[in-house]
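Q: Pasting a structure below so you can have a look.
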Amino acid sequence: MTIVNLTQHQASPEQIQAGVVDLAPEARSKLQKLAAATGASQAMVGGAFWLVIPLENALSCKRIATVFAFSQRVSEDQVQPNGSVKKVAVFRHVGFVRPNGT
């Protein structure tokens, strides 16, 4: 298993032994430049908190605020070619939530 390190810190020897791979310095630099080049003042993040928290900290150091997407699960009926109805769950974007809940 390979795990890419997107945190602001280099992987520890124990993490490397567990399969963590650091970005090459030029790739890390490109990623940072890409984030800065967009002119974005915010970044949408998501996922496991043990990844999101270090990512949020790294973005904060670059003065980029983080937001989480908020969606609502909506149930829809889809009529099939044979006339039957299939019920599906669709996630509709509702807005963004900041880590502090606003």
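The values are calculated or read from the model by the stated rules, or taken from the named source; none is laboratory data. Treat the numbers as computed from the prediction; the structure is a model and nothing was measured. Every residue, glycine among them, receives a Cβ derived from its backbone with ideal geometry; neighbour counts consider all protein chains shown.
Q: Being over 23 Å from Val97 (Cα atoms) and within 17 Å of the chain's Cα centre (by Cα) is the filter here; which residues of the stretch 26-85 pass it?
A: Arg28, Leu31, Gln32, Leu34, listed by residue number.
Q: Grab the helices (runs of 4 or more DSSP H) fully contained in the stretch 1-72, keeping just those with 3 or more residues being assigned by TED's automatic domain parsing to the domain that holds Phe96 and either among the hydrophobic types (A, V, I, L, M, F, W, C) or modelled with pLDDT under 75 (or both).
A: Details: elements: 13-17, 25-37, 49-61.
Qualifying helices (runs of 4 or more DSSP H): 49-61.
Q: Count, please, the residues in the stretch 37-87 that happen to be β-branched (Val, Ile, Thr) and surrounded by 12 or more Cβ atoms within 10 Å (Cβ to Cβ). Walk me through it before giving the result.
A: Residues of the stretch 37-87 that are β-branched (Val, Ile, Thr), as a first pass: 38, 45, 52-53, 64, 66-67, 74, 79, 85.
Keeping just the survivors that are surrounded by 12 or more Cβ atoms within 10 Å (Cβ to Cβ) gives 45, 52-53, 64, 66-67.
Total meeting the criteria: 6.
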